[in-house]
Amino acid sequence: MDACCLNRPYNDQSQARIRLEAEAVLMVVRSIENGATEWVGSTVLEYEIDQIADPERRRRVNQMMAEVTRWINVEDPDIARAEQLEAAGFADFDALHLACAERAGVDVFLTTDDRLLKRAKRLGSQLRVRVENPTTWIEGGGQ
């Protein structure tokens with residue numbers, strides 16, 4: 001999951017889409033807590049969370065991060081792969097997230113970022129990881 005996902009439960013819940021995504025993120029976290037799902041975090045995600053301006057939101061998101069099952073530190077091959085992904089059209093942090101997810105061998109990278117989802121759909125053949133919205137992932141049985 002990226003920082004967009006982790007922030008979703010703390011966004012304004014007045015829109016149905018935001019509420020559904022927030023509930024899906026919390027379902028993913030419960031699945032991790034129950035041991036049914038592994039969450040691979042990265043130093044990219046840690047950095048993004050450190051940039052959250054609201055200290056209370058940052059604290060809450062960091063609490064969720066306690067559920068990370070395995071950590072990936074950014075390494076030179078990730079940077080090289082991220083540069084390839086940036087050249088293909090992904091934003092810098094998105095490219096780093098995806099590069100780390102690919103190296104970690106994750107099944108799916110979850111995001112609520114529409115631009116990232118659209119780009120991943122368009123350029124999916126260049127990725128070695130599936131990119132989905134948490135609601136889609138939950139609807140598909142979390143697989």
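Odds and ends about this structure:
- Pairing residues of region 2-22 that are more than 25 Å from Asp92 (Cα to Cα) and of a type in the set (D, E, K, R) with residues that are assigned to a loop (DSSP other than H, G, I, E, B) and open to solvent by 30 Å² or more (accessible area, probe 1.4 Å), at Cβ distances under 7 Å and at least 6 apart in sequence or on separate chains, gives Arg19/Gln13.
- Residues considered: Asp78, Asp94. Of these, the only one that is touching a Cys at 6+ places or on another chain (Cβ under 8 Å) and either more than 11 Å from Met1 (Cβ to Cβ) or in a helix (DSSP H, G or I) (or both) is Asp78.
- Cβ-Cβ under 8 Å pairs, at least 6 apart or on other chains, region 60-75 side among the hydroxyl-bearing types (Ser, Thr, Tyr), far side part of a helix (DSSP H, G or I): Thr69/Ile32
- Taken over region 118-133, residues that are surrounded by 13 or more Cβ atoms within 10 Å (Cβ to Cβ) and either farther than 17 Å from Glu86 by Cβ or at pLDDT below 95 (or both) amount to 5.
- Of all residues making up region 27-47, the number that are more than 11 Å from the chain's Cα centre (by Cα), surrounded by 15 or more Cβ atoms within 10 Å (Cβ to Cβ) and closer than 21 Å to Arg130 by Cα: 7
- Residue pairs meeting the criteria (Cβ under 9 Å; at least 6 apart or on separate chains; first at positive phi, in region 129-143; second among the small types (Gly, Ala, Ser) and in a helix (DSSP H, G or I)): Gly142/Ser31
The values are calculated or read from the model by the stated rules, or taken from the named source; none is laboratory data. Remember, it's a predicted structure, so these values are computed and weren't measured experimentally. Note that each Cβ is placed from the backbone with ideal geometry, even for glycine, and that neighbours are counted across all protein chains shown. Surface areas here come from the heavy atoms of the whole protein model, side chains and all, with no ligands, DNA or RNA. Shrake-Rupley method; radii C 1.70, N 1.55, O 1.52, S 1.80 Å.
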